[in-house]
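Before I ask anything, here is the structure I am working with.
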Amino acid sequence: MARLRHTDWPDRLWIVRHGQSAGNVARDEAELAQTHLIDIETRDADTPLSDLGHRQSKALAAWFADLPADERPTVLLTSPFVRAQQTLHAVADALGIDRADIVVDERLREKEFGILDRYTVAGIQATFPELAAQRAQVGKFYFRPPGGESWCDVLLRLRSVTEVLRRDHVGERVLIVAHQVIVNCFRYLLECMDEQQILAIDREADVPNCSITAYALDRNWRDARFELQVANFALPVEAGGAPVTDAADAPAGPK
């Protein structure tokens, strides 16, 4: 695997999936009941954290607050979706950072599911059998549902985010809170993966809520590389006494 050797990166980058949301809970209930639609009143962008999600966010915030002052995040970026903003607000409050200083970036939003929004896997197969067959043939990396996005579409918008990191945040310590597909797509970009590598990681396990994927650059080393330090690190939540959850986001079809 090729590794990035450039020094024009942040000193540290944390990419975090939001805490458990009310959508996660609703999706679990729908799958358990084997219904076709996920019962939730809000649109995806407005779906808040669950009570457990708030606990997970506070545990995450406490972990960041316990870091030495010169190792804490200095730049905070978030998806505009409510569950991601609520998660990052907990961290900002714990670090004494004004919420007004948080950068809300629409490029960090959840993958758009288009016509498949709110359908369970069983619901998609029953209601849109031709789309289910197309997805099985094309593969999730390239499949774009009507009105929605493929993973490649998400990668395209995230490529511009990485350019912002390298242009505006060199030497900073950046924390991003977003969504499961965003975490994996950043890994694809930052670790120079191919389709097979990232989908193997995706199949292995869902990204736990409030888990950390971190990259760092050691500027004391002449041949410094911006490299992965840890992936899907859920210890902050466990240490804070909150159960770790990893259900796929909802309302949505297959991620």
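For the range 161-219, enumerate the residues that are touching a Ser or Thr at 6+ places or on another chain (Cβ under 9 Å), crowded, with 22+ Cβ neighbours inside 10 Å and part of a strand (DSSP E or B).
174, 175, 176, 177, 178
Hey, another quick one. Would you mind stating whether residue 47 is β-branched (Val, Ile, Thr) and out of contact with any strand residue (DSSP E or B) (no Cβ under 6 Å at 6 or more places or on another chain)?
Here the answer is no, as residue 47 does not meet what is asked.
Let's see how each residue does on (1) of a type outside the set (Ser, Thr, Tyr); (2) closer than 23 Å to residue 173 by Cβ; (3) crowded, with 20+ Cβ neighbours inside 10 Å:
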{"site": "62", "(1), (2), (3)": "yes, yes, no"}
{"site": "70", "(1), (2), (3)": "yes, yes, no"}
{"site": "75", "(1), (2), (3)": "yes, yes, no"}
{"site": "90", "(1), (2), (3)": "yes, yes, yes"}
{"site": "146", "(1), (2), (3)": "yes, no, no"}
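Considering only residues that are among the charged types (D, E, K, R) and surrounded by 13 or more Cβ atoms within 10 Å (Cβ to Cβ), which ones fall in the range 220-235?
Result: 225, 227.
Separate question: Any idea how many residues of the range 157-174 are at pLDDT 95 or above and among the small types (Gly, Ala, Ser)?
1
On to the next question. Among the residues in the range 159-175, are any out of contact with any helix residue (DSSP H, G or I) (no Cβ under 9 Å at 6 or more places or on another chain) and closer than 26 Å to residue 20 by Cβ?
no
Aliphatic (A, V, I, L, M), in a helix (DSSP H, G or I), under 27 Å from residue 41 (Cβ atoms) and at pLDDT 95 or above: is that true of residue 154 in this structure?
yes
Take the residues of the range 189-226 that are of a type in the set (Gly, Ala, Ser) and out of contact with any strand residue (DSSP E or B) (no Cβ under 6 Å at 6 or more places or on another chain): which is nearest to residue 150 (Cα to Cα)?
Per the criteria, the residue is 200.
Please go through (1) buried (at least 20 other Cβ atoms within 10 Å of the Cβ); (2) modelled with pLDDT of 95 or more for residue 30 and return the number of the only condition it doesn't satisfy.
Of (1) buried (at least 20 other Cβ atoms within 10 Å of the Cβ); (2) modelled with pLDDT of 95 or more, only one is false for residue 30: (2).
Let me ask something else about it. Collect the residues in the range 41-52 that are open to solvent by less than 30 Å² (accessible area, probe 1.4 Å) and assigned to a loop (DSSP other than H, G, I, E, B), keeping them in residue-number order.
Listed by number, the residues that qualify are 47, 50.
Is one or more of the residues making up the range 80-87 closer than 25 Å to residue 161 by Cβ, without any contact (Cβ under 8 Å) to a residue 60 or more places away in the chain, open to solvent by less than 60 Å² (accessible area, probe 1.4 Å) and among the hydrophobic types (A, V, I, L, M, F, W, C)?
Yes.
Report every pair of residues separated by at least 6 positions or lying on different chains whose Cβ atoms are under 7 Å apart, first residue within the range 126-154 and farther than 18 Å from residue 202 by Cα, second part of a loop (DSSP other than H, G, I, E, B) and modelled with pLDDT of 95 or more.
That search, which allows pairs on different chains as well, returns 131/145; 134/143; 148/112.
Can you find, within the range 92-139, the residue that is most open to solvent (accessible area, probe 1.4 Å) among those that are out of contact with any strand residue (DSSP E or B) (no Cβ under 9 Å at 6 or more places or on another chain), within 28 Å of residue 175 (Cα to Cα) and part of a loop (DSSP other than H, G, I, E, B)?
Among those residues, the one meeting the criterion is 98.
With the requirement that a residue be modelled with pLDDT of 85 or more and assigned to a loop (DSSP other than H, G, I, E, B), what does the range 221-242 give you?
If the condition is that a residue be modelled with pLDDT of 85 or more and assigned to a loop (DSSP other than H, G, I, E, B), then 226, 234 are the ones that fit.
The values are calculated or read from the model by the stated rules, or taken from the named source; none is laboratory data. From a predicted model like this one, the values you see are computed outputs, not experimental measurements. Cβ sites come from the backbone with ideal geometry, for glycine too, and all protein chains shown count toward neighbours. Note: areas computed on protein heavy atoms with side chains; ligands, DNA, RNA excluded. Shrake-Rupley method; radii C 1.70, N 1.55, O 1.52, S 1.80 Å.
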